[in-house]
Amino acid sequence: MAAARPAAPATGRLDVLIVSLGSTEGLRRADEELRDSLVRAGARVEIARALPPAPKRTLMLTDLAWARAARVAASRALAEQPSPPRAIVYSSTTAALLWPRPGAIRFDAPSAGNRPGRHGLWQRPLERRRLEQAPLLLPWSEGGLNETPVAVRAGDRALVLPVPVEPSGPPAPQRDIAAITYAANPAKKGLDRVLAAWRGVRGELPPGVPRELVVAGASVEELALAGFRVNAESGVRIVGALPSPEYRGLLRRARVFVCAPRREDYGIAQLEALADGCLLVTTPAPGPYAALPVARELDGRLVNNNLKEALRVAFTDPKEDYARHAHGALAPFSRDKVDSRVAGELLLCLGA
């Protein structure tokens, strides 16, 4: 690991300003991890957080509202500084769309990949211009970088910087939850397919296996608005959006993390589940799904479009030492690895 430089003084010029969209829990955690890693490398860092806008009817309007909120947050933070920060990092391409000043762009996936057709009519051309103007691109994965236009990723302006994932604590004495899924944006996450597979396999579970699927990330009311009325369904418990420590505690009690995304921009929830000892059962999905090759490496039987069959295998014939092998497979995502890249490469690239 590269040696950290001396800690920056508490006052003086800011090294890095992170403009945080923070529209999801995963994005917020990623921004905090980046800040903490930069601080450990000796940089003086602040996060400018966009205030959540009111809900909009379409993705185009939603992105516009968030882009405006990010511009306000960035402009306010810049105005409060006695001198301009040495570098700005916009967290997501949406945060950079209306930027008040150019900076590096960190992203899990570009609108070119996750805003097809009419959903990204105005975002995609402006995003391409911002990606061309940015002095540095910081994709979470090679897959995310590969979804940008070829001309954008030419040259040496890109540094792949994963979001670090670590175990959240020791495993629970007993894994008393059969399966857990994360259902923020339930249609995109394929909650309908997860529920269908769970209903099909629940009655076939071996003796001693718990009979409960926990659905996290969305409340009963949010699921109902999306067309999922499962609050009173036997064997399904809705826990909503939880603080990270509480959610990770559930992962440490669960045997299986199950998901069926229609598109996956990274898969941080899946990586966290692996870090906390869950078997990962998933369908293949388009997008820069960083957790997908890890899941295939650990047990290809659990990556299947027939989600019911994959669940059945997970409960009846799990591989021995799956969790131990998962720990090794997640080594590239460790905090130490990311810290080394931040201290040894990112600070130099940022000029901070």
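The values are calculated or read from the model by the stated rules, or taken from the named source; none is laboratory data. Everything quoted here is computed from the prediction, not taken from an experiment. Quick reminder, even Gly has a Cβ in these numbers, built from the backbone with ideal geometry, and neighbours come from all protein chains shown.
General observations
Let's see how each residue does on (1) over 27 Å from Pro125 (Cα atoms); (2) in contact with a His (Cβ under 6 Å, 6 or more places away or on another chain); (3) surrounded by 15 or more Cβ atoms within 10 Å (Cβ to Cβ):
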{"position": "Leu27", "(1), (2), (3)": "no, no, yes"}
{"position": "Val39", "(1), (2), (3)": "yes, no, yes"}
{"position": "Ile88", "(1), (2), (3)": "no, no, yes"}
{"position": "Arg101", "(1), (2), (3)": "no, no, no"}
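- In the set Ala343, Ala295, only one residue is out of contact with any Cys (no Cβ under 9 Å at 6 or more places or on another chain), buried (at least 23 other Cβ atoms within 10 Å of the Cβ), modelled with pLDDT of 95 or more and of a type in the set (Gly, Ala, Ser); that residue is Ala295.
- The residue of the stretch 264-292 that is surrounded by the fewest Cβ atoms within 10 Å (Cβ to Cβ), among those that are under 18 Å from Glu142 (Cα atoms) and of a type in the set (Asp, Glu), is Asp265.
- Qualifying positions in the stretch 46-86 - under 11 Å from Val19 (Cα atoms), hydrophobic (A, V, I, L, M, F, W, C) and more than 21 Å from the chain's Cα centre (by Cα): Val72, Ala73, Ala74, Ala77, Leu78
- Count of the stretch 110-144 residues, restricted to those that are free of Cβ contacts under 8 Å to residues at least 24 places away in the same chain and closer than 20 Å to Arg263 by Cβ, is 3.
- Checking the stretch 101-124 against the condition returns no match, with no residue being in the same structural domain as Leu159 (by TED's automatic domain parsing), farther than 27 Å from Gly143 by Cα and in contact with a Gly (Cβ under 8 Å, 6 or more places away or on another chain).
- Hits in the stretch 300-311 (condition: in a helix (DSSP H, G or I) and surrounded by fewer than 20 Cβ atoms within 10 Å (Cβ to Cβ)): Gly300, Arg301, Lys308, Glu309
- Ala184 aliphatic (A, V, I, L, M), surrounded by fewer than 18 Cβ atoms within 10 Å (Cβ to Cβ) and without any contact (Cβ under 8 Å) to a residue 24 or more places away in the chain: no
- Near pairs, Cβ below 9 angstrom, 6+ apart or cross-chain, from the stretch 47-72 (assigned by TED's automatic domain parsing to the domain that holds Leu98) to any residue that is buried (at least 18 other Cβ atoms within 10 Å of the Cβ) and of a type in the set (Asp, Glu): Ile47/Asp31; Arg49/Asp31; Lys56/Asp63
- Thr93 satisfies every condition listed in (1) touching a strand residue (DSSP E or B) at 6+ places or on another chain (Cβ under 7 Å); (2) touching a residue at least 60 places away in the same chain (Cβ under 8 Å); (3) within 22 Å of Thr148 (Cα to Cα) except (2).
- Residues of the stretch 121-136 classified as hydrophobic (A, V, I, L, M, F, W, C) and part of a helix (DSSP H, G or I), total: 2
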